[in-house]
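Asker: Have a look at the structure that comes next, please.
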Amino acid sequence: MKKIISIILCLAWMGFIFYNSSQNGLESNARSEQFLKNIKKHYIEMKNTVKKPKSVESFNIDKEAKKLDSSGDKNNNISNKNNTQVSKEENSEAKNNDTVSKNNNTKATKENTSVSNKSNNSSTVKKASNAANDKKLKFQNYLIRRGAHALEYIMLAILIANVFWQFGIRNKNVIVYVLFIALFYAVLDEFHQSFVKGRTSEVGDVLLDFSGAILGTVIWCGYQRLSTTLKRRFSKIENNGI
């Protein structure tokens, strides 16, 4: 039964890789970009929901309340002094209103020109920041897609090695068999992508897939060595106990 399940899992994963490579390049790229945006959105939401501890908040509230009480007493004393000065200042302000109205006209024209210059500068800054964000998003999307390529063939190598293991083929030649099958399937997959709209077949993708297969084979061999050493130690402990 384990043999049949291992074969089914391996073939199903090959079909999954074939399905991903048969998708339109533009649609696949758009989906990966949307996936990346959703991850960033959830990360920002989780970051914003993090709050300070209640003890710190209560301490800050008490501190602000004391400041408000002390500032209220000071403001009452200051308001009494200011009332006497207001009457004097009103007379002087009436004289200055004529000169201020003339100066305001000249200032308004200068401010209008400065505002227009600032708006132009802000628009250029926004365009530059948007372009930088787009480049950053494309680079992150590229890394995710390359990582997904390698991950597919890491799993494929593990599943192929598991098929050989279930059939009792456990010598050192299994590594050569696994890597050959993974490389052969990577070449076929890239050849298939050359016929899909929006996709291209590249030698770099084959090398990336093959490196993922090597890593998967290393993970499988390490797991099998670790499991065999642990089984031997437990068997020795049981035998000594008996």
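Asker: Taking a virtual spin label 7 Å from the Cα of TRP165 along the C-beta vector, which residues in segment 178-198 bring their backbone nitrogen under 15 Å of it?
Answerer: 178-179
Asker: Could you compute the net charge surrounding SER201? Neighbours are other residues with a C-beta less than 10 Å from the C-beta of SER201; K and R count +1, D and E count -1.
Answerer: Net charge in that neighbourhood comes out at -3.
Asker: Considering the convex hull of the alpha carbon atoms of segment 162-211, report its projected area averaged over all viewing directions, in nm², one decimal.
Answerer: 4.0
Asker: Related question: Rank by packing, highest mean first: peptides 164-177, 226-239, with packing defined as the count of other Cβ atoms within 10 Å averaged across residues.
Answerer: Ranking, from highest mean packing down: 164-177, 226-239.
Asker: Please list 3J(HN,Hα) in residue order for segment 26-41, calculated via the Karplus relation 6.51 cos²θ - 1.76 cosθ + 1.60 where θ = phi - 60°; whole Hz, with x for glycine and proline.
Answerer: With coefficients 6.51, -1.76 and 1.60, one gets 5, 5, 5, 5, 5, 5, 5, 5, 5, 4, 5, 5, 5, 5, 5, 5 Hz.
Asker: A 27 angstrom limit on the alpha carbon distance is what I want to check against. Which of LYS47/LYS136; LYS126/LYS197; LYS40/LYS197; LYS40/LYS127 exceed it?
Answerer: Violating the 27 Å limit, Cα to Cα: LYS126/LYS197; LYS40/LYS197.
Asker: Grab the beta carbon distance between SER129 and ASN24, set R0 = 35 Å, and tell me the FRET efficiency rounded to 0.05.
Answerer: After rounding, the FRET efficiency stands at 0.70.
Asker: Follow-up question, since we're still on this one. Taking the Cα centre of each part, how many Å lie between segment 138-161 and segment 1-21?
Answerer: With segment 138-161 and segment 1-21 each reduced to a Cα centre, they are spaced 16 Å.
Asker: Another question, if that's okay. Grab the Cα-Cα distance for LEU215 and SER227, subtract it from 0.36 nm times how many residues apart they are, and report the gain in nm with one decimal.
Answerer: Value of the extension gain: 2.5 nm.
Asker: Please give the net charge around ASN29, taking every other residue with its beta carbon less than 11 angstrom from that of ASN29, where Lys and Arg add +1 and Asp and Glu add -1.
Answerer: Working: positive: ARG31, LYS138, ARG145, ARG199; negative: GLU27, GLU33.
Local charge sum for ASN29: +2.
Asker: For segment 112-242, what number results from the quotient of the Cα radius of gyration and 2.2 N^0.38 Å?
Answerer: In units of the 2.2 N^0.38 Å rule of thumb, it is 1.83.
Read the figures in this text as sums done on the coordinates, not as results from a lab. Treat the numbers as computed from the prediction; the structure is a model and nothing was measured. In this analysis, Cβ positions are derived from the backbone assuming ideal geometry, glycine residues included, and neighbour counts consider all displayed protein chains.
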